[in-house]
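Quick note: the coordinates plus some simple rules give every number you see, no bench work behind them. Computed from a predicted model, the values in this text were never measured in an experiment. A quick note on method: Cβ atoms are made from the backbone with ideal geometry, for glycine too, and the neighbour counts reach across all protein chains shown.
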Amino acid sequence: MPAFTATAPGKIILFGEHAVVYGEPAIAVPVSSIQTRASVKAVIDGISGEIQIDAPDISLSSSVSELDPDHPLRAAVMAVVGNKNPEEIPACKIQISSTIPTASGLGSGAAVSAALIRALSAFLGQRLIDEQVSDLTFEVEKIHHGTPSGIDNTVIAHQKPVYYVRGEPFEFLSIGEPFSILIAGSGIPGHTREAVQRVRKNWINDPDRYDSIFKSIGEISKTAKDLIDAGSPADLGPLMNENHILLQELGVSTPELDLLVETARQAGALGAKLSGGGLGGNIIALVDEETDQITEALTKSGAAYTLNSTIPSTKIPG
Ligand code: PMV
């Protein structure tokens, strides 16, 4: 019996993190140079209902039933098998591998869930549409993040750039001209859950101030959407810089992230900001074609890794 395999890309938020939890728009794009792959194979002579998972990247090899009920891999399997009778589930082994750095704002958790959900469903005879993969992944994301906005699962399941407003139908982003970003990891794990909780605490203590920050971030996302559509990506740089200041005000930046942001700008980036939950994780910089100098400067300033990503135009030439 052939293996059923699915992949899911990483993702990066360009604008609007945190504010998106409070109903403001955000923009995120897939990063296809990094991905998760899930492969499901029948275990001949195995006992029906028994599902084995191997994820060597996180040194995990276990029967699903032996994982903690809250374990995201178990939750992803349960999202697919739900209340199915074990007799209906042929014994199988799920193999997971991933090149997406974990705890870094690159969507590794959502990508693992999306790839696993897609591959396991196909193995069980049901090919899910992207919307279904996104919805099931969102259920698993709630375990990682507590109150996720839904942006990660949307970008990763659909594998396209999105303009996302919580609770509204999302829009695929229209991109007038391709543009390039450089992602740099601070080497410090991101703490999205804590960052989201910190922002909530700050907001509860001073709703007027924080609502106004969220609103300003939302305005940046709206302007960025128009610029991206119009094909003026170079103008996104100053917006990234403004967005970073607002994220600092929310209390989710760190000295390490600030240093990388400053380094990228000094070395020639058109703009830079932290990306994702913050308190660690990544920064992104808007770059021209020549990035060697910026990459070198970021590495000298402590970047654990750098990744280049080009966001292609969605317009048909002619
Ligand atoms: O750390 P990441 O990349 O998973 O992004 C978190 C983004 C937040 O807006 C802070 C939370 C969310 O659920 O949207």
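Descriptive notes on the structure:
- A straight Cα-to-Cα reach below 17 Å connects Lys41 with the lysines Lys93, residues fewer than 8 places away in its own chain not being considered.
- Gly281 long-range amide H proximity, modeled H, under 5 Å: Ser186, Gly187, Ile188, Gly190
- Whole-angstrom gap from the stretch 1-47 to the stretch 102-124, using each part's C-alpha centre: 4
- Cβ-defined net charge surrounding Thr7, 9 Å radius [Lys, Arg +1; Asp, Glu -1]: +2
- Going by neighbour counts of Cβ atoms within 10 Å, the residues Arg200, Arg209, Arg265 line up, fewest first, as Arg209, Arg200, Arg265.
- For the stretch 58-159, applying the loop criterion from DSSP together with a ceiling of 12 other beta carbons within 10 Å to the trypsin sites (Lys or Arg not before Pro) yields Lys84, Arg127.
- Rounded if a/c under 1.5, otherwise prolate or oblate - the stretch 179-311, Cα gyration tensor axes: oblate
- Taking 14 Å as the straight-line reach from the Cα of Lys273, the aspartates and glutamates in range (excluding those fewer than 8 positions away in the same chain) are Glu17, Glu242, Glu249, Glu256, Asp258, Glu262.
- Note on the chain: Kirkwood hydrodynamic radius from all Cα pairs is 20.1 Å, rounded to one decimal.
- Taking other C-beta atoms within 10 Å as the exposure proxy, Thr254, Thr299 rank Thr299, Thr254 from fewest upward.
- Charge dipole (the chain, unit charges on Cβ, about Cα centre) - positive-most of Pro90, Ser309, Ile12: Pro90
- Three-way shape call for the stretch 45-88 based on the alpha-carbon gyration tensor, with the a/c threshold at 1.5: oblate
- Applying the Karplus relation 6.51 cos²θ - 1.76 cosθ + 1.60 with θ = phi - 60° to the stretch 202-214 yields 3J(HN,Hα) values of 4, 5, 5, 6, 8, x, 4, 4, 6, 4, 5, 5, 4 Hz, where x marks Gly and Pro.
- Radius 14 Å from Cβ of Asp226, net charge of other residues (Lys, Arg +1; Asp, Glu -1): -3
- Think of each Lys and Arg Cβ as +1 and each Asp and Glu Cβ as -1; about the Cα centre, that makes the dipole of the stretch 37-110 roughly 260 debye.
- The HN-Hα couplings worked out from phi for the stretch 268-278 by the Karplus form 6.51 cos²θ - 1.76 cosθ + 1.60 (θ = phi - 60°) are x, 5, 7, x, 7, 7, 6, 9, x, x, x Hz, whole numbers, x standing for Gly and Pro.
- Inter-part distance where the stretch 75-91 and the stretch 268-318 are each reduced to a Cα centre, Å: 41
- Neighbour-limited loop hits for trypsin sites (Lys or Arg not before Pro), the stretch 269-318 (at most 13 other Cβ within 10 Å; DSSP other than H, G, I, E, B): Lys315
- Computed [θ] at 222 nm, deg cm²/dmol, the chain (DSSP H ≥ 4; -39,500 (n - 2.57); rounded to nearest 500): -12500 deg cm²/dmol
- Cα shape, the stretch 273-318, gyration tensor, a/c 1.5 rule: oblate
- Residue with peak Gaussian network fluctuation, the chain [Cα springs, cutoff 10 Å], from Asn153, Asn243, Asn85: Asn85
- Around Gln266: net Lys/Arg minus Asp/Glu count, Cβ-Cβ under 14 Å: -1
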